[in-house]
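Asks: Structure provided below as structure tokens; questions to follow.
The values are calculated or read from the model by the stated rules, or taken from the named source; none is laboratory data. Nothing here was measured: the structure is a model prediction, and the numbers come from that model. Here the Cβ positions follow ideal geometry from the backbone for every residue, glycine too, while neighbour counts run over all protein chains shown. Heads up: the accessible areas ignore ligands, DNA and RNA and are worked out on the full protein's heavy atoms, side chains in. Shrake-Rupley method; radii C 1.70, N 1.55, O 1.52, S 1.80 Å.
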Amino acid sequence: MGDSSFSRFSPGPAPDTSAMLWKANVTGIQTYLSAFDEMIFVGTNTSVVALNEQTGDQVWKTDIPMNETWPIAYKIDDSHMVVERSCLDPQTGKILWTSSNFCEDTGIFSANVYSPEEKMFYVKDNSYTEGWSFADPSKPPTLVWSTYVPGGGRTGIGTTYGGGLVFPGSFENQQIALNATTGAVVWTTLTKGPMIFDGAYSDGMFFRGGTDDNTMYALNATDGKILWTYSPGTADGYFVTGPAVAYGNVYELNKDGNLYAINIATGQLVWKYQGSGTLLWPGYPTVADGKVYATTGEIAQYGGAVGTSQFACLNAYTGQLNWKLPIEALAPRESVAVAYGHLYLIPGTVTDAVDAISGSEYNSFNQVWAIGTPNITTSDWPMWRADPTHSSTAQVGPTNLSLSWTFATNGSVISSPSVANGIVYVGSQDKNIYAIGAFSGNLIWSYTTQDAQVSSPAIANGKVYTGGDDGYVYCLDAFTGALYWKTFVNGDLPYTYGSFVLKSSPTVVNGIVYVGSLEGNMYALDANTGNITWKYTTGGPILSSPAVDSGGVYFTSEKPNSGALYKLDAASGALIWKQELPYEYQFTGGTEMMGSPSVENGLVFASADLRTYFGIDAATGNITWTFRDPNAYEFIVSSPIYVNGQLYIIDKFSMTSLNATNGHLNWSFFTGDELYASPSYADGKIYMMTSQRHIYILDANNNGSKLASYTTPSGSWSSPTIANGRLYIGNHDWNVYCFANQITNTVTSKPTENVVPPPSLLVIIALIAAIVALALVTVVHFMRVAKKRNKPTGTL
């Protein structure tokens, strides 16, 4: 079920395509599979089998006593797993103990649950729910409590954990919550149908689908109050088996053949996907990495009809079909898991006598399938513009823009995200620094500062460093958000911006944090202590972010009469050289030096306040070339990108390529949008964000032709971050966005129901068609008459 709350959610990554990685033969395989400790675990009628997650090769196989038909592997900790009555070593398969009293498998469709939070196993035993202590997993567990649950039959009663409560199912029309520690009844809520099979817990809410009344229930987990109900109103529908919860939605399959996504806050339908037909007995959806995987078509149907097998991968936000296979994953015991970047499933079908005769009415291939690619792209972008030289490049980036997740803050996200070790770090105008799961979009931690955070954090050696947006540079633990130190750099002074808000972002190199301040100082701070190693005073505010290369620190400053590019000694802070960059003027005024330099191939690429870019010798500070567009009236806020002799720059409303050696124009792509963010580059593609709500992917090898685009609800001053083969970016609409590649087959089913026009509209359409037809007939008639009279017909 994914976790003890039965969310059936994995942060990912998860496969975009249906490409087969491997198939493993397991004779006598039963339903259900689990994934942990770099292995896949399945059961047979007599044994537990561990498979290598990358190859499908058998790691070990152990025969164990079987209590029921469908064994499930539960992870207790790194050294213990439980299957049926036995505890095994996950690495070797060695049986550590077998209990004569406890069994994790207690009935038909009775999914039980282990809670690592409580170190307790909760099982249904006939009409009782039991709590077993695993405080010492080296020994068989002890029974702590047993609570009678009215209506708790032998079959179809799932047990879910969440928030210190246990939620058993019941054939009576009620939902009960038990105290997870004592087993005492906390609340009982009456419903309009049996609350059987499995539910799911998330953020203080409990979800369970009713069968008889075809209704999804959302209850307050604390007091049992019904928050909302949703019924699709289909004549032959019912919710059954269990939901998944992720991305603010609860997902569940229905007998009517639809997969429903329902907003957990409002109970409103977000989308629905119609599979290949009605479902004899729906299984579970599985959600991961912005996608939903589910058996959406079954060959077995009641009444002797024959359906169509279908396993689908859908966009979790829209219901759009990504791909489908003509198989089933042993629904209703949906045997699916997402782990290690792959999708694992047991292919097979069920007959219309499911669980009515022997419990073995399943047809399987006796196989486990792994879907995905051998290598999952993982990479970092640990500071503003990717690295100390501001290369702004990554090895691999998405070709399409499919929304993987969004994360909501409480203010605009001007800060550009940084990514390291699978975590996204970003600031917000709500004064917080956020750490977010790079694949899941889930909050890991947040740290509140004293003012809006618009600069971009830098990550090095397990620490996060901020700019001096509220006056202080903060050093936080990258994994917990705990404060190590903060140092005052006077970066929160009054300042008049022309049209864009920007502050210097830190660069971390060799144990030193370099960051500029509005007071005009460039600081070098000890990364471990926060002590000031040195500071250099310029003639005005520093908005640019420093680039560091070969012992030099490069940045621009806004002096009273001219901009300037500085090179300082990285170790001592001594001035090596300074190059004046004369201001360009426009009628609105302002001389902000917001463009940040980049360093590559012996040159420093920098800009004036507007119109002009420079190629400058990194050793001497002499200007090698100048590119000037006299018609560019927009402030330059970006950092140039050097790739294979080309320099990509923002030129007013265009993405432009220059010859990096001499500054001559190669090509220019006109966007028509204001461009107040730095572009990024990966494997022949340029990524850019506009103030007119557009994200573009351009083909750098084809004169910047547009490959893909996405429209956001608001504009953005956040620059695209490319990591893990994805694009991360902030937006003025208070959200952080993550986009991934989406390889999409032809869509054969729409996520929303077909709209049939009302009769009145059909009449109108018919009248219009008739009028058009009559007009055409009339025109043709007069043309023929005119021709006979040898008169000109004019122009129609």
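Asks: Roughly what would the spin-label model give for residue 661 and residue 45, points 7 Å off Cα along C-beta, in nm?
Replies: 7.5
Asks: Let me ask something else. Work through the residues other than residue 565 whose Cβ is under 10 Å from its Cβ and net out their charges, Lys, Arg +1 and Asp, Glu -1.
Replies: Charge balance in the 10 Å sphere: +1.
Asks: Using only Cα atoms, what Kirkwood radius does the range 391-487 have, in angstroms? Before the final figure, lay out the partial values.
Replies: On the way: mean 1/r = 0.0726 Å⁻¹.
Kirkwood radius, the range 391-487: 13.8 Å.
Asks: Rg (Å, one decimal) plus Dmax (Å, integer) for the alpha carbons of the range 563-664?
Replies: Rg then Dmax for the range 563-664, in Å: 13.4, 41.
Asks: Also, quick follow-up: Would you please put 303-310, 645-652 in order of how densely packed they are, using the mean number of other Cβ atoms within 10 angstrom per residue and starting with the highest?
Replies: Packing proxy ranking, top to bottom: 645-652, 303-310.
Asks: Top to bottom by accessible area (1.4 Å), largest first, where do 68, 592 land? Spell out each step's value before the answer.
Replies: Numbers: 68 45, 592 5 Å².
The ordering from most to least exposed comes out as 68, 592.
Asks: A follow-up question, please. May I have the extent of the alpha carbons of the range 490-564 along their three principal axes, as whole Å values ordered from largest to smallest?
Replies: The Cα atoms of the range 490-564 stretch 35, 24, 20 Å along the principal axes, largest first.
Asks: From the gyration tensor of the Cα coordinates in the range 362-447, what semi-axes in whole Å does the equivalent ellipsoid have, largest first, with each one equal to sqrt(5λ)? Could the numbers behind the result be given before it?
Replies: Values: eigenvalues 203, 72, 26 Å².
Ellipsoid half-lengths, sorted descending, are 32, 19, 11 Å.
Asks: Could you give the Stokes-Einstein D for the range 253-316 in µm² per second, using the C-alpha Kirkwood radius, 25 °C, 0.890 mPa s?
Replies: Reported coefficient: 201 µm²/s.
Asks: Shifting gears a bit: Rolling a 1.4 angstrom probe over the protein heavy atoms, how many square angstrom per residue are accessible across the range 315-448?
Replies: 31
Asks: Of 344, 247, which has the most accessible area with a 1.4 Å probe, and how do the rest follow in descending order?
Replies: Numbers: 344 0, 247 50 Å².
Descending order: 247, 344.
Asks: For the range 257-282 and the range 1-45, compute the distance between their C-alpha centroids and round to whole Å.
Replies: 23
Asks: With axes computed from alpha carbons, what is the tilt in degrees of helix 759-788 against the longest principal axis of the chain, rounded to the nearest 10 within 0 to 90?
Replies: 60
Asks: Would you compute the Debye intensity of the range 59-191 from its alpha-carbon atoms alone, equal scatterers and no solvent, and pass along log10 I(q)/I(0) at q = 0.09, 0.13, 0.18 Å⁻¹ to two decimals?
Replies: For the range 59-191 at q = 0.09, 0.13, 0.18 Å⁻¹, log10 I(q)/I(0) is -0.25, -0.52, -0.94.
Asks: Right, something else. Less than 21 Å apart at the alpha-carbon level, and either on another chain or at least 8 residues along: which lysines does that give for residue 94?
Replies: Cross-link targets: 61, 75, 139.
Asks: Tell me, what is the FRET efficiency for residue 535 and residue 703 to the nearest 0.05, using R0 = 51 angstrom and their Cβ-Cβ distance as r?
Replies: On the way: r = 45 Å, r/R0 = 0.88.
It comes to 0.70.
Asks: To continue, here is another question. Check which residues have an amide H placed less than 5 Å from residue 651's amide H, if you skip close sequence neighbours.
Replies: 656
Asks: Determine ³J(HN,Hα), in whole Hz, for all residues of the range 232-243 in sequence, where each value follows from phi through the Karplus function 6.51 cos²θ - 1.76 cosθ + 1.60 and θ = phi - 60°; x replaces Gly and Pro.
Replies: x, x, 7, 4, 10, x, 7, 8, 7, 6, x, x
Asks: Hey, can you grab everything whose amide H is under 5 Å from the amide H of residue 377? Only 5+ residues off in sequence or another chain; H modelled, so Pro and N-termini drop out.
Replies: none
Asks: State which entries of 272/685; 486/567; 23/463; 225/272; 503/652 exceed 31 angstrom in Cα-Cα distance in the structure shown.
Replies: Details: 272/685 34 Å; 486/567 26 Å; 23/463 41 Å; 225/272 26 Å; 503/652 21 Å.
Beyond 31 Å: 272/685; 23/463.
Asks: With viscosity set to 1.567 mPa s and temperature to 4 °C, compute the Stokes-Einstein D of the range 22-130, Rh being the Kirkwood radius across alpha carbon pairs; µm²/s, no decimals.
Replies: 91
Asks: Which semi-axis lengths, in whole Å and largest first, follow from the square roots of five times the eigenvalues of the Cα gyration tensor of the chain?
Replies: The answer is 54, 38, 23 Å, longest axis first.
Asks: In whole Hz, what ³J(HN,Hα) sequence does the range 125-135 give by Karplus (6.51, -1.76, 1.60; θ = phi - 60°), x for Gly and Pro?
Replies: 10, 6, 8, 10, 9, 10, x, 10, 7, 10, 4
Asks: Hey, which aspartates and glutamates would be in cross-link range of residue 559, C-alpha to C-alpha under 15 Å, not counting anything within fewer than 8 residues on its own chain?
Replies: Partners found: 519, 580, 584, 592, 609.
Asks: Let me ask something additional. Could you grab the Rg to Rh ratio for the range 418-565? Cα atoms only, Kirkwood for Rh.
Replies: Radius of gyration relative to Kirkwood radius: 0.97.
Asks: Now a separate question. Counting only protein heavy atoms, what percent of the accessible surface of the range 1-139 is carbon or sulfur at a 1.4 Å probe?
Replies: 44
Asks: Now for a separate question. Taking all pairs of different Cα atoms in the range 127-206, averaging 1/r and flipping that mean, what Kirkwood radius in angstroms comes out?
Replies: So the Kirkwood estimate lands at 13.1 Å.
Asks: Taking amide hydrogens as modeled 1.01 Å from N in the peptide plane, which residues meet the under 5 Å criterion relative to residue 405, leaving out close sequence neighbours?
Replies: 738
Asks: Let me ask something additional. Leaving ligands and nucleic acids out of the surface, order 605, 365 by accessible area at 1.4 Å, largest first.
Replies: 365, 605
Asks: Add -39500 (n - 2.57) for each DSSP H run of 4 or more in the chain, then divide by its residues: what number comes out at 222 nm, to the nearest 500 deg cm²/dmol?
Replies: Values: 1 runs with 30 residues, N = 796.
Taken over the chain, the calculation gives -1500 deg cm²/dmol.
Asks: Just the number: Rg to Rh for the range 283-417, Cα atoms, Kirkwood Rh, two decimals. Don't jump to the answer; show the numbers that get you there.
Replies: Values: Rg = 20.5 Å, Rh = 18.0 Å.
That ratio is 1.14, to two decimals.
Asks: Write down the accessible area per residue of the range 1-137 in Å², having rolled a 1.4 Å probe over the full set of protein chains. Write down the numbers at each step before the final one.
Replies: Details: 5100 Å² over 137 residues.
Dividing the accessible area of the range 1-137 by its residue count gives 37 Å².
Asks: Let me ask you something else. In debye, nearest 20, what is the charge dipole magnitude of the chain about its Cα centre with +1 on Lys and Arg Cβ and -1 on Asp and Glu Cβ, if you could check?
Replies: On the way: 40 positive and 63 negative charges, 521 e Å.
About 2500 debye.
Asks: Restricting attention to the alpha-carbon atoms of the range 528-591, what are Rg (one decimal) and Dmax (integer), both in Å?
Replies: In order Rg, Dmax, the Cα atoms of the range 528-591 give 13.5, 46 Å.
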